[in-house]
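These notes are about the structure you will find just below.
The values are calculated or read from the model by the stated rules, or taken from the named source; none is laboratory data. As the structure is a computational prediction, the values presented were derived from the model and not from experiment. Cβ atoms come from the backbone with ideal geometry, glycine included; neighbour counts cover every protein chain shown. Surface areas here come from the heavy atoms of the whole protein model, side chains and all, with no ligands, DNA or RNA. Shrake-Rupley method; radii C 1.70, N 1.55, O 1.52, S 1.80 Å.
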Amino acid sequence: MTAQTQPRSPQVGTGHGATLWFTGLPSAGKTTLAEALALRLRAAGRPVEILDGDAVRPVLSPELGYSRADRDANVARIGWVASRLARNGVLVLASVVSPFAAARDGVRASHADAGTPFLEIHVATPLQTCAERDVKGLYARQRSGTLDGLTGIDGEYEPPPNADLRIDTAGRSVDDVTDDLISLLRKENLL
């Protein structure tokens with residue numbers, strides 16, 4: 001008896017996985033951009049996962065605080081998950097403040113070791129714009145004295161010197177910036 005094989009259906013969203021790592025100050029627009037890009041990519045049939053730092057931290061790193069070592073450990077954990085997803089064809093959109101260059105470089109290196117593309121997106125929105133947006137009320141809490149160590153104010157942030165894309169969201173529409181992200185993915189042959 002010979003086995004008959006059914007023709008395979010074309011897979012939706014075939015293509016290379018990759019991680020787009022959105023870094024920037026709180027309220028810079030990292031998550032907003034990741035969500036807008038995810039909508040477009042899903043509409044095109046691409047498998048996408050958003051790893052938002054605020055949503056992932058309570059699950060992967062609930063025991064960690066906000067010291068430099070704890071922040072770096074959190075970034076490494078998110079990077080590890082992103083790499084695993086990306087190597088399996090998922091476009092991972094990681095929106096994580098990730099204030100320290102060495103931690104971000106470590107995530108880039110782990111992706112390189114796995115042969116998985118990694119693109120660093122610096123959402124370089126000016127501090128004043130971020131403070132005006134104050135999506136989570138962090139800047140207000142810092143001004144009132146109830147929050148210490150806010151990244152970009154009294155907590156350090158090391159902007160990436162060689163980001164794959166640098167975006168200032170001040171005065172730009174989400175759609176316009178998302179177009180830039182789509183262009184980057186096409187340039188890198190990821191779409």
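Couple of notes before you dig in:
- Here, the stretch 56-132 yields an orientationally averaged convex hull projection of 5.8 nm² when only Cα atoms define the hull.
- Size of charge dipole - the stretch 11-149 - debye, nearest 20, with Cβ of Lys, Arg +1 and Asp, Glu -1, no other charges: 200
- Protection proxy ranking for 80-90, 106-116, using the average of other Cβ atoms within 10 Å per residue and placing the highest first: 80-90, 106-116.
- Rg in Å to one decimal, and Dmax rounded to a whole Å, for the stretch 110-172 via C-alpha atoms: 15.0, 46
- Taking amide H as placed 1.01 Å from N in the peptide plane, Y157 has its amide H under 5 Å from the amide H of G152, each at least 5 places away in sequence or on another chain.
- Using the Cα coordinates of the stretch 15-75, the gyration tensor eigenvalues translate into equivalent-ellipsoid semi-axes of 25, 13, 10 Å, sorted from longest to shortest.
- Selection from I50, S67, H122, by position along the positive dipole direction of the chain (Cβ): I50
- Accessible surface, per residue, of the stretch 111-151 when the full set of protein chains is kept, probe 1.4 Å, Å²: 51
- Report summary: the helix-based calculation at 222 nm, which adds -39500 (n - 2.57) for every DSSP H run with n ≥ 4 and divides by the residues of the chain, gives -13500 deg cm²/dmol.
- Phi angles across the stretch 181-187 convert, under the Karplus curve 6.51 cos²θ - 1.76 cosθ + 1.60 with θ = phi - 60°, into 3J(HN,Hα) values of 5, 4, 4, 4, 4, 5, 4 Hz, Gly and Pro given as x.
- Mean Cβ neighbour count within 10 Å, used as a protection proxy, ranking 37-47, 62-72 highest first: 37-47, 62-72
- Cα-based Rg of the chain normalised by 2.2 N^0.38 Å, two decimals: 1.12
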